[in-house]
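*Asks:* Can you read through this structure? Questions will come right after.
Here, each number is a calculation from the coordinates, and none is a lab measurement. Please read all numbers here as calculations on a predicted model, not as lab measurements. So basically every Cβ, Gly included, is an ideal-geometry build from the backbone, and we count neighbours across all protein chains shown.
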2 protein chains.
Amino acid sequence: MGKLTIKDIATMANVSTATVSNYLNGNYDHMSLETRKNLSQIISDTKFRPNSTARNLAKNENKTIGVSIADITNPFTSQVLSGIYEQCDNYRYRVLFTNAGNSEQKEIDNITRLQNEGVAGIIVDPVNPDSPIYESLSNQNTVMVDRQSNKLIIDTVATDNMTSVQNLVEQMKNKDYDNLYFVTWPFQNISTRTQRYEGFIRATNYSTLNHLIAVPHHGKEIEYQQFTQNISSIMQRNNTSKIGFFCMNARVLLRLLQAMQQLGYSYPQDYGVATYEEFDWMQVMTPAISCIHQDSYSIGKVAMHILKQKLEHKLLRQPTLKLIPTQQILRASF
Amino acid sequence: MGKLTIKDIATMANVSTATVSNYLNGNYDHMSLETRKNLSQIISDTKFRPNSTARNLAKNENKTIGVSIADITNPFTSQVLSGIYEQCDNYRYRVLFTNAGNSEQKEIDNITRLQNEGVAGIIVDPVNPDSPIYESLSNQNTVMVDRQSNKLIIDTVATDNMTSVQNLVEQMKNKDYDNLYFVTWPFQNISTRTQRYEGFIRATNYSTLNHLIAVPHHGKEIEYQQFTQNISSIMQRNNTSKIGFFCMNARVLLRLLQAMQQLGYSYPQDYGVATYEEFDWMQVMTPAISCIHQDSYSIGKVAMHILKQKLEHKLLRQPTLKLIPTQQILRASF
DNA sequence: CTGTTAGCGCTTTCAG
DNA sequence: CTGAAAGCGCTAACAG
């Protein structure tokens, strides 16, 4: 059962390969109804499938876009991927998937590999958007999502971090808190983190770093204990004032809640809290938690849309930053 | 700046295309050190990248596997994808990604498309594993993950649902509950659901359906109210006995907790609870929730491993079901 | 309406 | 050590 080719079909139907090819491509103008039906019959009987590699080579058209994901395990990211795929499907592109599992080196390998595969365009959700690898990418055929580099060299679409945090924190301010704190993983110059903090600062006007609380990221147990200690002293220091926390993301929130729980404090009596990111479970906490929902699906969709425009219209512009708005979800946690 | 070809490189280096090709493929035995260096220089200078489509056609080798995902937005699934990718990367396959967004029709389209692309093999995470589309797939080059069909026609790798539920529920039994309940979305003949229930039954030996509680899936508000009512009467009926709930997954657990909260009950005083699936937030609940952690990453990895074996060794066997063990996480919720 | 044929860019004998 | 040339399977003029 050697693979069938267009030639086999041609001989079976007593026509030339050209006719078969025309049939395959829907150019029915060039053949009699009879041969058309005949071909249809034979092809479905034999379950013939034209070799797409050969077809691509001959047409010299390339409708595949490569996706480099920093960490597909991140729920935010899978939403983005879902948006990308949806749009690729609309535009009839196929998507070649790669995942770096948060490793910078892996990401470099993946991108290189995609380039070698000769994809038409690349969408990258970067591990580290300031990695030098991105300088080897051309803005003509790539777009970045989520995290943005400090110097914008590639079109990127991201969440409007700053404004949304600013808005939510302003809501907190309206509730007459004496002290507000921003809880975060170490900045490490990562744009999502610093931008959210910037929003916090704009809302609060704090001029010192005294309202910044760092949570270890992949720390050792001892570091988390120190964090809990830290929270403890903050709570004691503020025991007569109204105090609130804004968390930079859900994982950070979880850590804060855990610490508070250990210390015997509960919200909203002892403290107020709100967070970036939305997850199912926030709704079922007692009381439910106020948060910022990002439209990651749109990020993916828009990214692919922009990429398609670039690819097909060769628009050569300055790298652009497209900010996707978020949604504020107000509940009863502050 | 027309794309460079192997021919251009050849003329630039004053050698034939064959030599360039040899160079590209690492067959350095057939050329002088000089031309080798020369080629190396030219290629890196010109940033020449051989056209992979042409290469694939010429070698007639196909190292791409297609992945059809039911819903990439599901965190369980993204773990699976991560495992698949990892293994593909190890085995030097590329992965063509598709996502059905839980639509059966979309899934059919996706699979058909993958087939037309001529992928070497397919891994499918099915929307509905009993859909007729799977009969058009050959067990020679496809494997299913997660949900399994009722009649096994394709090798599939899934979680060991039954045994793990049985084991955990037995732990609950040891705590002298008078009544245990299984909370689930409607079965709809979906294997993951019925198998988990089967494990529950094996542990409890209940012979009626009285211990089965259905939660609406994508229901209207009114249906959730009915569910809450239902829970309310169960709690009242059992107000003198020790009662426990096992939830079929995290979303169901969330619903149960929500209902309980509305009704003013809390665990572990008023009821005991445990669940299938593990998420970060379960650890931070008060008290933390006992659960079953599935190794979705391994599912993906193993699936690709099996697929590779089939593809490269043409093993023709009976379709096989590979069950991946889970991990029991005992905390303080029952 | 249908067939011939020259590519698409690369690989791979087989000679030299 | 290097080159010529015949494909890989399909497309797309161009003839007929």
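*Asks:* Roughly what % of Cα-Cα distances in region B:6-58 sit above 16 Å, to the whole percent?
*Replies:* The proportion of pairs with Cα distances above 16 Å equals 33 percent.
*Asks:* Name the chymotrypsin sites (Phe, Trp or Tyr not before Pro) in region A:73-117 that are in a loop by DSSP and that have at most 16 other C-beta atoms within 10 Å, would you?
*Replies:* Filter output for region A:73-117: A:TYR91.
*Asks:* In whole Å, what is the distance between the alpha-carbon centres of region B:260-334 and region A:136-180?
*Replies:* 34
*Asks:* Can you tell me which lysines have their Cα less than 19 Å from the Cα of B:LYS175? Leave out same-chain residues fewer than eight positions away.
*Replies:* B:LYS242
*Asks:* Something else about it: Would you give the gap between the C-alpha center of region B:34-104 and the C-alpha center of region A:59-82, rounded to a whole Å?
*Replies:* 12
*Asks:* Any idea how far apart B:SER16 and B:LYS175 come out in nm if each label point goes 7 Å out from Cα toward Cβ?
*Replies:* 7.8
*Asks:* For region A:161-294, what is the relative contact order in percent, using Cα pairs closer than 8 Å and at least 6 residues apart in sequence?
*Replies:* It rounds to 27 percent for region A:161-294.
*Asks:* How far is A:LYS314 from itself in the other copies, in nm, if each label sits 7 Å out from Cα along the Cα-Cβ line, shortest first?
*Replies:* 4.8
*Asks:* From the label point of B:ASP270, set 7 Å from Cα along Cα→Cβ, how far away are the matching label points in the other copies, in nm, ordered shortest to longest?
*Replies:* For B:ASP270, the other copies' label points sit at 2.3 nm, shortest first.
*Asks:* I've got another one for you. Along Cα→Cβ, 7 Å out, is where each label goes; now give me the distance between the ones at A:ARG251 and A:GLN318 in nm to one decimal.
*Replies:* 3.5
*Asks:* Let me know the Kirkwood hydrodynamic radius for region B:132-229, please, with Cα pairs as the basis and the value in Å to one decimal.
*Replies:* Result for region B:132-229 stands at 15.6 Å.
*Asks:* Another question, then. Normalising by the residue count of chain B, find the relative contact order in percent from Cα pairs under 8 Å and 6+ residues apart.
*Replies:* The normalised contact order for chain B reaches 19 percent.
*Asks:* To the nearest 0.05, how large is the calculated FRET efficiency for A:ALA332 and A:GLU135 if R₀ is 60 Å and r is the Cβ-Cβ distance?
*Replies:* Working from the Cβ atoms, E equals 0.80.
*Asks:* Defining the label point at 7 Å along Cα→Cβ, can you sort the distances from B:GLU198 to the same site in each other copy, shortest first, in nm?
*Replies:* Its label point is 5.6 nm from the equivalent points in the other copies.
*Asks:* What distance in nm lies between label points placed 7 Å from Cα along the C-beta direction at A:TYR206 and A:GLU104?
*Replies:* 2.9
*Asks:* Okay, next question. Taking every DSSP beta bridge that has both residues in the protein assembly as shown, what percent is antiparallel when rounded to the nearest 5?
*Replies:* Rounded to the nearest five, the antiparallel share is 15 percent.
*Asks:* Regarding chain B, what are the three Cα extents along the principal axes, ordered largest first, in Å?
*Replies:* 93, 40, 36
*Asks:* Can you give the calculated 222 nm mean residue ellipticity of the protein assembly as shown, where each DSSP H run of n ≥ 4 adds -39,500 (n - 2.57) and the sum is split over every residue, rounded to the nearest 500 deg cm²/dmol?
*Replies:* Rounded to the nearest 500, it is -13500 deg cm²/dmol.
*Asks:* Something else now. When ranked by the protection proxy of mean other Cβ atoms within 10 Å per residue, highest first, what sequence do the peptides B:281-294, A:39-52, B:154-167 form?
*Replies:* B:154-167, B:281-294, A:39-52
*Asks:* Using the charge dipole of chain A (Lys, Arg: +1 at Cβ; Asp, Glu: -1 at Cβ; taken about the Cα centre), state which of A:ALA250, A:TYR91, A:ALA274 has its Cα farthest towards the positive end.
*Replies:* Most positive-ward Cα: A:TYR91.
*Asks:* Rounded to whole Hz and in sequence order, give me ³J(HN,Hα) for region B:260-270 from the Karplus expression 6.51 cos²θ - 1.76 cosθ + 1.60, θ = phi - 60°, writing x for Gly and Pro.
*Replies:* After applying 6.51 cos²θ - 1.76 cosθ + 1.60, I find 4, 4, 4, 7, x, 9, 9, 8, x, 4, 8 Hz.
*Asks:* Check which residues have an amide H placed less than 5 Å from A:GLY272's amide H, if you skip close sequence neighbours.
*Replies:* A:ILE243, A:GLY244, A:PHE245
*Asks:* Calculate I(q)/I(0) for the protein assembly as shown by the Debye formula, one identical point scatterer on each C-alpha and no solvent, and give its log10 at q = 0.07, 0.09, 0.12 Å⁻¹ to two decimals.
*Replies:* -0.57, -0.90, -1.37
*Asks:* Here is a follow-up. How many percent of Cα pairs in region B:179-237 exceed 19 Å?
*Replies:* Counting every Cα pair in region B:179-237, those more than 19 Å apart make up 35 percent.
*Asks:* At a Cα cut-off below 30 Å, give the lysines reachable from A:LYS322, other chains included and same-chain residues fewer than 8 away excluded.
*Replies:* A:LYS63, A:LYS106, A:LYS151, A:LYS173, A:LYS301, A:LYS308, A:LYS310, A:LYS314, B:LYS106
*Asks:* To the nearest whole percent, what portion of all C-alpha pairs in region A:2-105 is separated by more than 23 angstrom?
*Replies:* Pairs farther apart than 23 Å: 50 percent.
*Asks:* Give the dimensionless ratio obtained when the Cα radius of gyration of region B:161-294 is divided by 2.2 N^0.38 Å.
*Replies:* 0.97
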